[in-house]
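Worksheet: one structure, shown below.
The values are calculated or read from the model by the stated rules, or taken from the named source; none is laboratory data. This is a predicted model, so every value here is computed, not measured. Ideal geometry is used to build each Cβ from the backbone, glycine not excepted, and the neighbour counts take in all protein chains shown.
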Amino acid sequence: MNGHFWVERDGVIIDWDFPQLRKLRRQLDCVPEWNAYLRADPRVEEAMIRLFKRVTLRAFKTDDWDDMMVEFLLVAKMTGNADKPTFNKCWTNCIQEVYHNGGEIRFGSMGFKRKDGTYRWYYGKDTFDGMADYLLPS
């Protein structure tokens, strides 16, 4: 997938600034401040979230999101990832955040602001023709 999930709560973006991202910002000579976000077209965003929810429910062999979350958190705890965001696991980071603290999952592009004011998109890009662009590697 060529895109990124994050959480929005009360108009504030909730995401995690992992050491790998800070290092990448330095390597790309981007401003050290927080990442830049660009939401996908609302229809694409909704379709991607629906797709990932369906795949997650199928993996846990249930149709009920609340039932799945109980099992999901149990598995996360058994693997040592409970309540601990993990780099490159944006979907699972988001569903745990929403479960514990509320908010809405968002989908689109995430990147870094360059010192010249342009953006370097790490996940996704600034223009897409449709959902297939997010599902194909860039």
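Which of the following residues is out of contact with any strand residue (DSSP E or B) (no Cβ under 9 Å at 6 or more places or on another chain) and over 30 Å from Arg114 (Cβ atoms): Glu46, Glu71? Exactly one residue qualifies, and that residue is Glu71.
Yes/no matrix, rows are residues, columns are (1) in contact (Cβ under 8 Å) with a residue 40 or more places away in the chain; (2) more than 14 Å from the chain's Cα centre (by Cα); (3) closer than 26 Å to Gly11 by Cα:
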| site | (1), (2), (3) |
| --- | --- |
| Asn35 | yes, no, yes |
| Ile49 | yes, no, yes |
| Trp65 | no, yes, yes |
| Phe72 | no, yes, no |
| Val75 | no, yes, no |
| Gly111 | yes, no, yes |
| Tyr122 | yes, no, yes |
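With respect to being out of contact with any Lys or Arg (no Cβ under 8 Å at 6 or more places or on another chain), within 30 Å of Leu28 (Cα to Cα), buried (at least 18 other Cβ atoms within 10 Å of the Cβ) and modelled with pLDDT under 90, Phe128 fits the description.
Summed over the range 26-57, residues that are more than 24 Å from Asp133 (Cβ to Cβ) and either of a type outside the set (A, V, I, L, M) or touching a Phe, Trp or Tyr at 6+ places or on another chain (Cβ under 6 Å) (or both) total 6. If you go through the range 4-43 and keep only what is closer than 22 Å to Gly117 by Cα and in contact with a Cys (Cβ under 7 Å, 6 or more places away or on another chain), you end up with just His4.
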